[in-house]
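The block underneath contains the structure these notes are about, expressed in structure tokens.
The values are calculated or read from the model by the stated rules, or taken from the named source; none is laboratory data. This one's a predicted model, so the numbers in the text were calculated from it and none came from an experiment. Backbone-built Cβ (ideal geometry, glycine too); neighbour counts: all protein chains shown. Only protein heavy atoms, including side chains, enter the accessible area calculation; ligands, DNA and RNA are left aside. Shrake-Rupley method; radii C 1.70, N 1.55, O 1.52, S 1.80 Å.
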Amino acid sequence: MDFKFESSFGRILGVAHTAMFRHLSKLMNERNLPITPDQFRVLSHLWQKDGLQQSELAICTNRNRANVTRIIDILEREGIVERKSDPNDRRVFHIYLTELGKSLKKETAQCAAQSIDDSLAGLTSEEIETCIKVLSKIKENVG
């Protein structure tokens with residue numbers, strides 16, 4: 001069997017993910033939002049449950065701890081989040097949104113929704129449903 005990388009499922013999936021990621025970045029830049037899509041990924045979990053531990057954020061975002069630490073460092077420097085030591089274990093930090101961090105939720109969510117809508121333009125609801133089922137099965141197979 002001759003493997004054709006450029007037309008392989010994995011390649012197309014990766015290119016689609018990158019295109020969506022770049023589109024979200026463009027939309028956020030157009031609105032002068034001070035965060036990146038990677039930072040959005042972390043913030044979206046804090047908007048759902050403020051005060052998560054750094055290790056929990058790594059699990060939630062499917063990122064390694066070093067990557068999440070770097071993102072939190074940047075968000076903290078920008079005044080979007082703050083770290084607080086766990087009162088029972090000083091080695092553990094909880095991450096909390098600042099007022100600025102909380103204020104970014106609505107507009108960033110609008111960008112994310114628009115990015116998804118733009119990405120799915122021209123697809124039927126059946127095609128979208130099939131795609132979700134396929135991707136869920138892939139995740140189940142190898143996740």
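Can you give the local net charge around R91? Use residues other than it whose beta-carbon is closer than 14 angstrom to its beta-carbon, Lys and Arg +1, Asp and Glu -1. Present the calculation step by step, with values, prior to reporting the outcome.
Values: positive: R65, R83, K84, R90; negative: D86, D89.
With Lys, Arg at +1 and Asp, Glu at -1, the neighbours total +2.
Which pairs in the list K49/K102; K26/K105; K106/K133; K49/K84; K26/K106; K49/K105 are over 19 Å apart, alpha-carbon to alpha-carbon? Don't skip to the answer; put the middle values down first.
Working: K49/K102 12 Å; K26/K105 17 Å; K106/K133 29 Å; K49/K84 15 Å; K26/K106 17 Å; K49/K105 13 Å.
Beyond 19 Å: K106/K133.
Distances over 13 Å make up what percent of all Cα-Cα pairs in the range 1-75?
Details: 1990 of 2775 pairs.
The share of Cα pairs beyond 13 Å in the range 1-75 comes to 72 percent.
Which value at 222 nm does the chain reach when only helices count, each DSSP H run of 4 or more adding -39,500 (n - 2.57), with the total divided by all residues and rounded to the nearest 500 deg cm²/dmol?
Numbers: 7 runs with 93 residues, N = 143.
Computed mean residue ellipticity for the chain: -20500 deg cm²/dmol.
Where does the charge balance sit around R63 when Lys and Arg score +1, Asp and Glu -1, over other residues with C-beta under 10 Å from its C-beta? The partial results should precede the final answer.
Values: positive: R41, R65, R70; negative: D38.
It works out to a net charge of +2.
Quick one: with all protein chains in place, what share of the accessible area of the range 19-143 is carbon or sulfur, to the nearest percent (1.4 Å probe)?
Working: 4200 of 8150 Å².
Whole-percent figure for carbon plus sulfur exposure: 52.
Under a 5 Å amide H to amide H cut-off, with H placed in plane at 1.01 Å, what residues pair with L52 once short-range neighbours are removed?
Under 5 Å from the amide H of L52 lie the amide H atoms of I95, each far enough along the sequence or on another chain.
Over the chain, what portion of Cα pair distances is larger than 27 Å, expressed as a whole percent? Before the final figure, lay out each step's value.
Details: 3367 of 10153 pairs.
Everything past 27 Å amounts to 33 percent.
Ignoring the sites themselves, what is the longest stretch of the chain with no trypsin sites (Lys or Arg not before Pro) in a DSSP loop and at most 16 other beta-carbon atoms within 10 Å?
On the way: sites that count: K4, R31, K49.
The answer is 50-143.
Please identify the DSSP H helices in the chain that span no less than 24 Å along the helix axis (Cα) and have a mean Kyte-Doolittle hydropathy of 0.0 or more. Don't skip to the answer; put the middle values down first.
On the way: long enough: 9-30 (31 Å, 0.20); 125-142 (26 Å, -0.18).
Going by DSSP H runs, the hits are 9-30.
Please work out how much length the chain gains when fully extended from V15 to K106, using 0.36 nm per residue of separation minus the C-alpha to C-alpha distance, in nm with one decimal. List each step's numbers first, then the result.
Numbers: separation 91, 0.36 × 91 = 32.76 nm, distance 2.78 nm.
Computed gain between V15 and K106 is 30.0 nm.
For the range 87-143 and the range 1-54, what is the centre-to-centre distance using only Cα atoms, to the nearest Å?
Cα centroid to Cα centroid, the span is 9 Å.
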